[in-house]
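The values are calculated or read from the model by the stated rules, or taken from the named source; none is laboratory data. Everything numeric here is computed off the predicted structure, so don't read it as measured data. Neighbour counts run over all protein chains shown; Cβ positions are idealised from the backbone, glycine included. Ligands, DNA and RNA are stripped out before the accessible areas are found, and what is left, the full protein with its side chains, is counted by its heavy atoms. Shrake-Rupley method; radii C 1.70, N 1.55, O 1.52, S 1.80 Å.
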Amino acid sequence: MAAAAVGVVVVVVVFLAAAVDGVAGKDCTNGFPGLTASHTERAAAAAELRPDGEVEAARVLDLLLPHGHGHGDDHDGDRHLTPTDESTWMSLMPRRLLASPASSPRRDAFDWLMLYRNLRGSCSGAGAIAASGGALLAEASLHDVRLQPGTVYWQAQQTNLEYLLLLDVDRLVWSFRTQAGLPASGAPYGGWEGPGVELRGHFVGHYLSATAKMWASTHNDTLQAKMSSVVDALHDCQKKMGSGYLSAFPSEFFDRVESIKAVWAPYYTIHKIMQGLLDQYTVAGNSKALDLVVGMANYFSDRVKNVIQKYSIERHWASLNEESGGMNDVLYQLYTITNDQKHLTLAHLFDKPCFLGLLAVQADSISGFHSNTHIPVVIGAQMRYEVTGDLLYKQIATFFMDTINSSHSYATGGTSAGEFWTNPKRLADTLSTENEESCTTYNMLKVSRNLFRWTKELSYADYYERALINGVLSIQRGTDPGVMIYMLPQAPGRSKAVSYHGWGTKYDSFWCCYGTGIESFSKLGDSIYFEEKGDRPVLNIIQYIPSAYNWKAAGLTVNQQLKPISSLDMFLQVSLSTSAKTNGQSATLNVRIPSWTSANGAKATLNDNDLGLISPGSFLSISKQWNSDDHLSLQFPITLRTEAIKDDRPEYASLQAILFGPFVLAGLSTGDWNAEAGNTSAISDWISPVPSSYNSQLVTFTQESSGKTFVLSSANGSLAMQERPTVDGTDTAIHATFRVHPQDSAGQLDTQGETLKGTSVQIEPFDLPGTVITNNLTQSAQKSSDSLFNIVPGLDGNPNSVSLELGTKPGCFLVTGVDYSVGTKIQVSCKSSLPSINRIFEQAASFVQAAPLRQYHPISFIAKGVKRNFLLEPLYSLRDEFYTVYFNLGA
């Protein structure tokens, strides 16, 4: 432990030295100014070169230095028998050092070696993790997890599968083939995959990762054929180019990177391609893909070696200022497969010292950094810990996660504003349409997942659940394949559809967030189950997602089912059952008790036997001989709560999000966010569930004009006619849906049975619960006779139509016009004011009582507001609707 601690201190100093230049401007220049002149480095060198150690140091250097630089050939016979990461590093020694005067090459070489030892850290070998008692949880293979059909997660998976199958192989690889000088069929895709876009090819890498994981999750044969065809095409491209290089853009982009000239993130794209190919090998078993990755790694190892030898290591660090994705991560993964020291050394060289150094000394100085440039670097640091056992990188990841959670994350679990981190605990200033880049959520889930695998701390599992529900499920536009968002707006009165990017398109977007999006929805089953290796099989269930898991180690199949969650039945009810080929299998099941639940009302039974008290934020552990008829039932109370925005200024303490268990509830609103919480401590005093009877009271009124169908709509305080939307999830659907009920709002009235002819009702806009339309065509929360309408048979004589008569003015009706257009205002017209009743009036006053364009979500609440009430629904369920995530509770 002492040796490890010393190593950690040394590496922290190295990182801090590298970070100094980058803190002020946040450009993270990655330099190592004066590294070998630091007191720590010189002290270490002096200790190594004292008289009794000088002979050993000389022997080590003779073994490690490359040929032909005046060090003799005495050890040629054993120099390269067993290549090490240090010998690989010494081969990178800059030429300016190798060409130094004869009196100093050994000193320069030693400084170069010490630099690497400090970069590498004090531990080597993953056995260090096990030795310190830190055995990692094993991931459940996606091949063994199947989502339950008909559920939210399964539908999201199927929508993504449909999109992956829609994409054409020839169009995906068009730019790769063109770059390799091969014939390219068809036409390239547009957006960020367009042939003139410098980032082209990145989405193809994501596609390879997504299809590998989707195939593992579904074993769809058509998808397997598609992804294999992409790998085959890329193999042809790499073979044609002959150097190991593989990309959709020319290698000249890297000449610009190495010359510190402007170019759009070529290493970022290379990472995606390498990771996609590696996933095709590790997840889908395509050995050809591994050969391609190795060829790419060797090519870039030579390029980086050339930069360091020709210029300096500082030049290489400077080249990483351009976003480089998770190059360190994929190279550490590759090293675990190839055991090639060159891949390990190259991985170290893509660790970004100027950023990791800040985290190593536990400084929350991440404001101003581009978020998604640096989260993958942390993920790479996590992989470094798993590969080398160096505890510093575990500490870095832990501190980073704590920093994000405490100071830089929204209620959704997401982070970033305009793609950057801002000042800690100052998020009130950042609320806009450009919050929570989807890529950052994808990557933060990886960080939290790794931390859970290392520690089994349930706070990481709770975070994963929150970010998955609110940050991942939110980015897909319902069941529309290939329609996703870049940012998740958090400002009041915003819509996913109305931001800088808005919703993307199937074939002409291909943003970075499209790539991470298709991956996210391909691996929804990868973090439900985790196994522990040992004498007795142990399974940890940490996410409640309806699914089945083939637990091979225990010879069991675990089936997880959930009762649909409702705001009226405020419990999460989980049913876990097992089936076994042979009875009597001894194993342990650990199930997560979420921190958001409460002990009061929580219950667990095994085969109808009560298991006693359970504690939120802990595991319920059951060890037994499992049989096919075993059944574990869990009941977790789901409570409403508010959560303050991460802003420590007193004037923003009233800005709060509303959550129902792990679900962030958004209020339908075009800008108002003033809630009326009062001084009560009971949230039930101002938030209540939508009664079950309300769905049966919903209606949409339609009318034909100029060959089009229009709907009666209430928006911005007025009534008007809007064209009926052709797709679900629009804001128009919200405004064209009304709750029609008797003056006694508790009265039962089914609008979806027969028409409401002959009844006296109040008409309440869907998104304004408690507000009714008055006979003056205004909106009011004061319900009186002035807000009553008589629904009478349609004046046009159509048996399916109704007319809306003012309760205070019999004979006066709501009317439209003739051959009107979108936005035509509703007026009041009375029979008594007309010289004669004509067909035009009768048609203008007649509507069809149609099925509602919108229904209440099963999880729906009404929150009291200062000027109006808010309808609350899960953020993930919204599409084009306008909403607010945060409410001002101190209005």
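Just how much of Glu419 is accessible, in Å², when a 1.4 Å probe is used and the result is rounded to the nearest 10?
Accessible surface of Glu419 is approximately 40 Å².
Tell me, what ³J(HN,Hα) does each residue in segment 272-281 have, in order and in whole Hz, if you take phi through Karplus 6.51 cos²θ - 1.76 cosθ + 1.60 with θ = phi - 60° and put x for Gly and Pro?
4, 5, 4, 5, x, 5, 5, 5, 4, 7
Given the Cα-Cα distance of Val727 and Ser577 and 0.36 nm per residue of separation, how much length would full extension add, in nm? Before the final figure, lay out the partial values.
Values: separation 150, 0.36 × 150 = 54.00 nm, distance 3.93 nm.
Length gained, Val727 through Ser577: 50.1 nm.
Using only the alpha carbons of segment 352-524, determine the length spanned along each of the three principal axes and report them from longest to shortest in whole angstroms.
44, 34, 28
Taking a 1.4 Å probe, which of Val591, Val848 shows the most accessible area, and what order do the others take after it?
In descending accessible area the options line up as Val848, Val591.
Quick query: amide H of Ser718 versus all other amide H atoms, modeled in the peptide plane; which residues come in under 5 Å with a sequence gap of 5 or more or a different chain?
none
For Asn609 and Ser696 in one chain, what is 0.36 nm times their gap in residues minus the Cα-Cα distance, to one decimal in nm?
27.4 nm
Using the Cα gyration tensor of segment 167-350, with a ≥ b ≥ c the square roots of its eigenvalues, what is the shape: rounded (a/c below 1.5), prolate (a/b larger than b/c) or oblate (neither)?
Judged from the Cα gyration tensor, segment 167-350 comes out oblate (a/c at least 1.5, b/c at or above a/b).
Report the accessible area of Lys603, computed with a 1.4 Å probe over the heavy atoms of all protein chains in place, in Å² rounded to the nearest 10.
Lys603 exposes around 100 Å² with every protein chain in place.
May I ask you to rank Lys552, Lys581 by accessible area, largest first, using a 1.4 Å probe over the protein chains only?
Most to least solvent-accessible, the answer reads Lys581, Lys552.
Evaluate the distance, in nm, between pseudo-label points positioned 7 Å from the Cα of Val361 and of Asp255 along their respective Cα→Cβ axes.
So the two model labels end up 3.9 nm from each other.
Give me the one-decimal nm value for the distance between modelled label points at Ser785 and Asn306, 7 Å along each residue's Cα-to-Cβ direction.
Label-label distance for Ser785 and Asn306, simple model: 9.1 nm.
In whole angstrom, note down how far apart the Cα centers of segment 521-569 and segment 177-248 are.
Between the Cα centre of segment 521-569 and that of segment 177-248, the gap is 33 Å.
Which shape class, rounded, prolate or oblate, goes with segment 407-508 when its Cα gyration tensor gives a ≥ b ≥ c as root eigenvalues, a/c under 1.5 marks rounded, and past that a/b bigger than b/c marks prolate?
Oblate is the answer for segment 407-508, as a/c is 1.5 or above yet b/c matches or exceeds a/b.
Per-residue HN-Hα couplings for segment 835-841, Karplus 6.51 cos²θ - 1.76 cosθ + 1.60 at θ = phi - 60°, whole Hz, x for Gly and Pro?
Those phi angles translate into x, 7, 7, 10, 5, 4, 4 Hz.
Quote the accessible area belonging to Ser688 in square angstrom, nearest 10, computed with a 1.4 Å probe and with ligands, DNA and RNA left uncounted.
Counting only protein heavy atoms, the figure is 50 Å².
Apply 1/(1 + (r/R0)^6) to the Cβ-Cβ distance of Lys867 and Gln635, taking R0 = 35 Å, and write down the FRET efficiency to the nearest 0.05.
Using R0 = 35 Å, I get an efficiency of 0.35.
For Ala851 and Asp232 in one chain, what is 0.36 nm times their gap in residues minus the Cα-Cα distance, to one decimal in nm? Write down the numbers at each step before the final one.
Numbers: separation 619, 0.36 × 619 = 222.84 nm, distance 5.10 nm.
Going from the current span to full extension adds 217.7 nm.
Sort Leu137, Leu166 from largest to smallest accessible area, using a 1.4 Å probe on the heavy atoms of the protein chains. Let's see the in-between values first.
Values: Leu137 10, Leu166 70 Å².
These residues rank, largest area first, as Leu166, Leu137.
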